[in-house]
Structures are given as structure tokens and as C-alpha cells.
Number of protein chains: 2
Amino acid sequence: MAMDGYRGFLTLLVAALLFGVLSVIFTIVWVLHYRGGLAWDGGSLEFNWHPVLVVTGYVFIQGIAITVYRLPWTWKCSKLLMKSIHAGLNAVAATLAIISVVAAFDFHNTLKIPNMYSLHSWVGLAVVILYMLQLLLGFLVFLLPFAPLSLRAFLMPIHVYSGIFIFGTVIATVLMGLTEKLLFSLNNPAYSTLPPEGVFANVLGLLILIFGGLICWIVTRPQWKRPKEPNLTLHQPNGGTPERVEGSMAINFGEMDKSNSELNDETAARKRNVALDEAAQRSTM
Amino acid sequence: MAMDGYRGFLTLLVAALLFGVLSVIFTIVWVLHYRGGLAWDGGSLEFNWHPVLVVTGYVFIQGIAITVYRLPWTWKCSKLLMKSIHAGLNAVAATLAIISVVAAFDFHNTLKIPNMYSLHSWVGLAVVILYMLQLLLGFLVFLLPFAPLSLRAFLMPIHVYSGIFIFGTVIATVLMGLTEKLLFSLNNPAYSTLPPEGVFANVLGLLILIFGGLICWIVTRPQWKRPKEPNLTLHQPNGGTPERVEGSMAINFGEMDKSNSELNDETAARKRNVALDEAAQRSTM
């Protein structure tokens, strides 16, 4: 299926993947080369799993998870398959995020460092809980076939916005965490003398921020939305499956046709724009 | 002019204003009550202007500046007036942001603290420069009457996205700065024992984050966009002014009418959706 501005999409997707993969590589090199490596021993090497799992799962995989509907190569795949991939990638990201929190708590408890006092920890824990709720609500409402269309239509813009807000807040939390870790651990030479590790970790922060900016651009372009499904009530007599959703959209389009003579009227054009936008939102359910 | 979901808009706007005003009040209380007050003496009291000016200007006023087009009470005001208010508020925010950077540098130089080593300073300086470029480009392209319609239409989605991205990045930078300041200055009792100042400043961080989340929700709802101007080529014979822009949009709507019989066709409906969306984007120029 053709996509408007396909070359622009491809360029930005490749750039996002580049910045995302570089973020993961920089994080791994940071903990292996500058922070002593990885282990699950309750000490500082266990803490190092925290940034690795957060950047790999909570930043990179979540970024991919919110982008999958927009890959034009998947537009021939069924909506159910794409929903499963979207939910599955987010579930992987959530699992890695939870293990990363366990690593940080283990490290704190071993070294008798207090937990949950910093703004990083407050925002971080809040966003993990929000992410779990988002995942659960998405599963119940959009993946299981029981929720009525009206509930899906009402919750879809909230689901989309919450997802992007959580993704952005995760990145803000990562930047706070990086700041904390560098101030705590980069002592000899001090962070304030900007040693190679300081430059390296600052660049890592910029890579993550740019990755976030690219992903959010890609997932907010209206022209790159997955197209709505074909009109199933017309083409498929057995339209009683959950795909019936798209059938009812086609009816909406039909109803809007009738009022087309009003299109030169500003208010009607505006209403039409909103209605089409909502329909397009619904098509990404 | 009527707005779809006006009560929802009003509720969220009041909530955003509440969280924004609380953020400013908490910042002022923080520096006055916990951080020794304000002065312009090169010392730590001059530094205290940094958070006050950032949260007042760069967070709160910028948040209002990106929301003004969506206030339905302003929809009867001319587009030029609203552009001037939007540009003026952003110019005030940029001025306060620059003074805030001067305060931080003055403080560092007086106390022989190195400048520009932390991730906070890197992202902060980058976002100040991006904000100035955004302001300059917006002034040249959208406020001055010389830029051709095609350039405005091309740059508008980029201008809108850059604005929201800068706003979000400012908030991430504020959270990093708050983290830094608490780790540097909250020593007796230590931040890790979570004294009242720690709780207070953490709550300030959450208030700012929620303000950002509410503003971004408000400015990304398609149904709350400022409506396009009335069809000036039809209603005003002297349509040779810059408002001619909206005249040419009406022509676009007319052209789309002709292809209306295709509306049941999925591709045509999708194209139409994109075209209407672009038209609506243009209408917020």
C-alpha cells in the first residue's frame, strides 16, 4: 500500500533506528568500559543492569513498540497481528523496566543506600506504574474483543497520548538518572572537570533525547497513520467478527457523504475534519 | 464561536493554569524559604534567579504562549493579533531564559565552578539556542507577510512540532537541574534522608511535569484547533492582503468537492483526510 511521503518516513525511521541502536551501544560501552561491567551480585555491577535494561527496554523497545503500526510493510498484516506485536513489545519493555528497578533496589539495599528519595525515583516509579496500567487497559479494551466500539473510540486518543507522554517522561527520567549517576560516581577525575566519561555519558543523553524526538515526530504525523481496514460490511458477508468495527466506520463515511453540499461552509468543513480524524484514530485501534 | 468539547477544554485549561501557577509559587517558596532568597550579587542568591526565571518564563509563559491560539474567546480576534501575542509571549519567555542562564554563569564564575560540563547544561544551552532559532524563523516566515504560502505550509507542521519538542525538552532539563541542585546543596540534612525540602522540591518537579502533560494534551487535540478564517475571496472583494492565504484554502476545499464520489474508496478518503488536515494546519498559521 502506498504511503504519502514514503522517502521522508524511511529517512526518519532509519535515523531513529540509528540513534536508538547507538543509545543502546553507548549505554553498554559506558557500563562495561567506565563503570566496571555487569553482574547480579547486589553491588554496583548489579546496579549497572539498571541503565542497560532501561535504555534497551524502556527507551528503545518502547520506541519501536509505539511505531510498529506506521511501518507500511505491515499494512497488509491483520490488525490483530499488529496489536499483538504492539502489546508484546510493550510487555517486553515493561518486563525489562521492572527488572531494572529490582537491580537498583538490590544495589541500594546491599549498600544501605536509601530508596525512593530522589525526584528520579519518584517520577521513575510513577511512570512504571502508569506503563503497567496503560498495558493492562490496552489489553482489556483494544486487544480483547469485548469492549464496545464507543468505549474504544473514547479511549483511543487517551491511549495514544498516554503512550507518547509515558515515552517522553521515561526519557526525562533517564536524563535525571544519568545526571544522578554521574554526580555520584564520577569523582576521580570529577564530573566538573569533564573527563572522557563525562563527555561520553553526556553524548549518550543527547542520543537518547534525539531518538525520542524522532520517534515522537514519526508517530504524530497524520499522513503516516496505518490506513483503515477495507470496508468489511461490503466485501465480507460474515462481518460479525471484531473487524465489524471497521464496517461501522464505513457507514460513518457514508453518512458524511450526504452532508457534502455543506463542505464550503466553514463549520461543516471543520466538523468533517474532526469526524475524519476520529475515524482515522479509530482505524489505528 | 462554538468549540467541540468546550467543557472538557475549560476543565483542562483550568487544571493546567492551576499546575502552572503552583509550579511558579513552589519555585519562589523553594528559593525564598529553603535556599536563602534572591539577590543579584554573583553568589548563590543570584543563582536562585535561575530556577525562578526558568519556571516562570521558560516553562509557564512558554506553556501559555503555545496554547493561546486554542482559547475560543480569542477566535474572534484577528490572526495577526494572535500571532503577535504568541510571538510576544515567546519573546518574553526567551528573554527570561537568557537572564536565567546569565545568573547561573555569574554564580559559577564568582565561585570558580566550571561551566557547561553537565548534561543539564548541554541540553539546556542547546534548547535555548533552538528556541531562539524557532522564534526567529517563526517571526520571519509566519509573522512577516513576505513568505510564500508554500513555504508556510511546508514549515507549519515543523514549527508546531519543534515548539512542543522544545517545551518538553525544557521540562526534562528543569527536572535534571532540580536533581543537580538538590544533590549539590541539600546536604544538612542530606537529600537521601528526604528532609522537608527534598519532599517539597520533588513535588515541584511533579507539578511541572503534570503542567507539561496537560499543556501538550491541550495543544495536540485536533478538535480544539482555532478554526480557519472565513472564506475571504468570496466575502471580501479586496482579498489581496495576506489573508488571501485562507482564500486559497477555500479553493482547495472546492477542488476536493469534485472528487467526492470517490469518498467510499479508501485511498481517496485517506487522501482527503490528509488534505483536510493540512488545510487545518495552514489555518493556524
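The values are calculated or read from the model by the stated rules, or taken from the named source; none is laboratory data. The model shown is predicted, which means the values in this text are computed figures rather than measured ones. Glycine also receives a Cβ, built like all others from the backbone with ideal geometry; neighbour counts cover every protein chain displayed. These area figures cover heavy atoms from the full protein model, side chains too; ligands, DNA and RNA do not enter into them. Shrake-Rupley method; radii C 1.70, N 1.55, O 1.52, S 1.80 Å.
What the table shows:
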{"read-out": "For residue B:190, residues with placed amide H under 5 Å, excluding near neighbours", "value": "none"}
{"read-out": "Förster radius 22 Å - calculated FRET efficiency between residue B:116 and residue B:185 (Cβ-Cβ, nearest 0.05)", "value": "0.70"}
{"read-out": "Under Karplus coefficients 6.51, -1.76 and 1.60, residue-wise ³J(HN,Hα) of region B:10-15 in Hz, glycine/proline x", "value": "4, 4, 5, 5, 4, 4"}
{"read-out": "Those trypsin sites (Lys or Arg not before Pro) in region A:1-109 that DSSP places in a loop and that have at most 14 other beta carbons within 10 Å", "value": "A:76"}
{"read-out": "Segment residue B:25-residue B:150, length gained on full extension (0.36 nm per residue, minus Cα span)", "value": "40.6 nm"}
{"read-out": "Inter-copy spacing of residue A:81 label points, which lie 7 Å from Cα along Cα→Cβ, given in nm from shortest upward", "value": "5.6"}
{"read-out": "Copy-to-copy label separations for residue B:109, where each label sits 7 Å from Cα toward Cβ, in nm and ascending", "value": "5.0"}
{"read-out": "Rounded FRET efficiency, nearest 0.05, which uses the C-beta distance separating residue A:98 from residue A:33 and R0 of 30 Å", "value": "0.65"}
{"read-out": "Closest-to-axis residue of chain B (Cβ criterion, axis taking B to A), whole Å", "value": "B:172, 2"}
{"read-out": "FRET efficiency, residue B:2 to residue A:78 (Cβ-Cβ, R0 41 Å, nearest 0.05)", "value": "0.55"}
{"read-out": "Per DSSP, loop chymotrypsin sites (Phe, Trp or Tyr not before Pro) in region B:1-65 with at most 13 further Cβ within 10 Å", "value": "B:40"}
{"read-out": "Label point 7 Å beyond Cα along the C-beta direction, distances from residue A:7 to other copies (nm, shortest first)", "value": "5.1"}
{"read-out": "Chains A and B, summed buried accessible surface - 1.4 Å probe, Å², nearest 100", "value": "5400 Å²"}
{"read-out": "Entries of B:83/B:112; A:83/A:112; A:225/B:83 with Cα pairs more than 32 Å apart", "value": "B:83/B:112; A:83/A:112"}
{"read-out": "Cα centroid separation, region B:182-220 to region A:160-232 (Å)", "value": "19 Å"}
{"read-out": "Other protein chain Cβ atoms within 10 Å, averaged over every residue that makes up A:81-92", "value": "0"}
{"read-out": "Point-to-point label distance, residue B:10-residue A:143, nm (Cα→Cβ direction, 7 Å offset)", "value": "4.0 nm"}
{"read-out": "Residue-averaged beta-carbon neighbours from other chains (10 angstrom radius) around B:171-184", "value": "5"}
{"read-out": "For residues of A:112-122, the mean tally of beta carbons on other chains within 10 Å", "value": "5"}
{"read-out": "Separation in nanometres of the label points that stand 7 Å from Cα toward Cβ, at residue A:18 and residue B:129", "value": "1.9 nm"}
